[in-house]
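Participant: Take a look at the following structure, please.
The values are calculated or read from the model by the stated rules, or taken from the named source; none is laboratory data. These numbers come from a predicted model, not from an experiment. So basically every Cβ, Gly included, is an ideal-geometry build from the backbone, and we count neighbours across all protein chains shown. These accessible areas exclude ligands, DNA and RNA; they are computed on the full protein's heavy atoms, side chains included. Shrake-Rupley method; radii C 1.70, N 1.55, O 1.52, S 1.80 Å.
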Amino acid sequence: EHAGMRAVVGMIVIDFPTAWAQDADEYINKGIALNDELKHSPLVRTAFAPHGPYTVSDEPLQKVVMYAEELDIPIHMHIHETADEINGSQEQYGKRPLARLDNLGLLGPQLLAVHMTQLTDEEIARIAETNSHVVHCPESNLKLASGFCPVQKRLDAGINVALGPNSEER
């Protein structure tokens, strides 16, 4: 008996080609096909996995939100991991990544926001208000010197915080 435990398979979405797909639309379509193949599995669940705000443009993110809602699939995304990510977003979009993602409809109970080391008090309140989840990866954050996730502050705000593994290769 597996006691309700299930593995999660991330359906990656990025704007650039790899051996798996040529563009964001192909990643999304292949992810949906994979979800269809695995949706009745008692041991596996899928999640859309747009890599990060700096590797996925607005249009694919809007499609991910639409399909995630339609198919009841969570969204797993690295967000506010480093100060460089924040600065790059402000230069490119004129706003912090979380504000951009909020405008695109990503914040909500389907969102598993990974890392979240670089948050303002207002952003913490918005995460709580939208019932988004935070996945804290202390080993990865320490290894990459990307900052600390003030977990207690998130818990005090009523945010569900999960503990994530080291997601970087050793």
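Participant: Select from the stretch 137-164 the residues that are open to solvent by less than 40 Å² (accessible area, probe 1.4 Å) and not β-branched (Val, Ile, Thr) and write down the one among them that is modelled with the lowest pLDDT.
Facilitator: For the stretch 137-164, the residue satisfying everything is ASN141.
Participant: I need a count of the residues in the stretch 101-123 that are open to solvent by less than 10 Å² (accessible area, probe 1.4 Å) and touching a residue at least 40 places away in the same chain (Cβ under 8 Å).
Facilitator: 3
Participant: (1) closer than 23 Å to ASN131 by Cβ; (2) part of a loop (DSSP other than H, G, I, E, B); (3) open to solvent by less than 60 Å² (accessible area, probe 1.4 Å); (4) not acidic (Asp, Glu): which one isn't true of ALA21, the others all being true?
Facilitator: (1)
Participant: Would you check if LEU43 is open to solvent by 70 Å² or more (accessible area, probe 1.4 Å) and either of a type in the set (Ser, Thr, Tyr) or under 19 Å from PRO74 (Cβ atoms) (or both)?
Facilitator: It is true that LEU43 is open to solvent by 70 Å² or more (accessible area, probe 1.4 Å) and either of a type in the set (Ser, Thr, Tyr) or under 19 Å from PRO74 (Cβ atoms) (or both).
Participant: Answer yes or no: is there a residue in the stretch 1-10 that is part of a helix (DSSP H, G or I) and open to solvent by 60 Å² or more (accessible area, probe 1.4 Å).
Facilitator: No, the stretch 1-10 contains no residue that is part of a helix (DSSP H, G or I) and open to solvent by 60 Å² or more (accessible area, probe 1.4 Å).
Participant: Then there is this: What tally of residues in the stretch 124-136 results from selecting those that are closer than 22 Å to GLY88 by Cβ, more than 13 Å from the chain's Cα centre (by Cα) and open to solvent by less than 20 Å² (accessible area, probe 1.4 Å)?
Facilitator: Total meeting the criteria: 1.
Participant: Can I ask one more? When only residues in the stretch 74-100 that are surrounded by fewer than 21 Cβ atoms within 10 Å (Cβ to Cβ) and of a type in the set (Asp, Glu) count, which is modelled with the lowest pLDDT?
Facilitator: Among those residues, the one meeting the criterion is ASP84.
Participant: List the helices (runs of 4 or more DSSP H) that sit entirely inside the stretch 46-129 and contain at least 3 residues that are of a type in the set (A, V, I, L, M) and over 22 Å from LYS30 (Cβ atoms).
Facilitator: 97-103, 121-129
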